[in-house]
Amino acid sequence: MEEKEQSVVVAIEYMKKHLQEGLTSEQIAVKAGYSVYHFTRIFKEVTGVSPRQYLSALRIQAGKEKLIDTSRNSILRTVLLVGFKSIGTFSSRFKHNVGLSPKQFSLETQRLAAFMESQTDPVLLDSLPSSKPFVTCQVMVPASFKGIIFVGLFRREIPDEAPVVGTAVTGSTPFCTFSGLVSGRYYLMAAALPWSRNVKDYFIPDNCLRAKYDQPLVITEDSEFEVSLTLRKPLPYDPPILVNLPLLLFRKVNNSANGKKM
């Protein structure tokens, strides 16, 4: 690991240990051994996002983890534990990132986890491109992987909200196509959730295989992209995956059954 990456990891670990505190950019930069200006530049170069964005993502991720255990954590207690100053701010950001309110998330995790486990071989392969612009993608999957692979086009470099368009594939059919796209700049990312007996693994996928295309896809009306993604083990500075993958799968399956697109 390079020196700048090690510094970023030190900063991230410091953030994780001090989520309850009102951390400043100066505090985090000093811990990493840089001025604020240089630290912000290096941090974004390594992670793809600013330190403030990353810190916010860590707090929402911690909120998700605590809300899964409904027996011990009320929403108010969760807000205080992860460093938010008000329930309103936490709730609005949480719903934007995760797709459900904190209360809904707490109530729905068991049901969504059970739904995940029922989808042993979902048939969600999208049709071949019918209209430009389109992106076709092959996911390179380890032979030993057993689970579901989520692929999506995102507006931002961090998977902190639902993709503009997305789907789910398996190791036996690791191909997908996104067609009829709106012109714009997209980031292609994938995450592979293995089958697990631990509910948290579906909602806090810190250890899942993931992939990100090495450059943004700039879509115009005539774009035709054929790309591949190679799944890899997570790196210690990868941003949290905040998007609710089981919820996306649930909606995708229901939309497919009803003849709708995600």
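Where a number appears in this text, it was derived from the coordinates with a stated rule and is not lab data. Everything quoted here is computed from the prediction, not taken from an experiment. All Cβ positions, glycine included, derive from the backbone under ideal geometry; neighbour counts span all protein chains shown.
What the table shows:
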| item | result |
| --- | --- |
| Residues of the range 161-178 with amide N under 17 Å of the 7 Å Cα→Cβ point at SER131 | 165-166, 177-178 |
| Sites matching GluC sites (Glu not before Pro) across the range 14-75 that sit in DSSP coil, with at most 14 neighbouring C-beta atoms within 10 Å | GLU21 |
| Calculated SAXS-style log₁₀ I(q)/I(0) at q = 0.09, 0.12 Å⁻¹ - the chain, Debye, Cα scatterers | -0.42, -0.76 |
| CD proxy at 222 nm, helix term only [per DSSP H run n ≥ 4: -39500 (n - 2.57); per residue of the chain; nearest 500] | -12500 deg cm²/dmol |
| Net +/- balance of residues flanking LEU209 in space, Cβ distance below 10 Å, scoring K and R +1, D and E -1 | +3 |
| The range 2-63 versus the range 152-213: alpha-carbon centroid distance in Å | 24 Å |
| Length-normalised contact order of the chain in % [C-alpha pairs under 8 Å, at least 6 apart] | 20 percent |
| Formal net charge of residues neighbouring HIS38 (Cβ-Cβ distance under 12 Å; K, R +1; D, E -1) | +2 |
| 17 Å cut-off, amide nitrogen to a point 7 angstrom out along SER86 Cα→Cβ, residues in the range 38-79 | 76-77, 79 |
| Percent of alpha-carbon pairs separated by more than 14 Å within the range 165-220 | 65 percent |
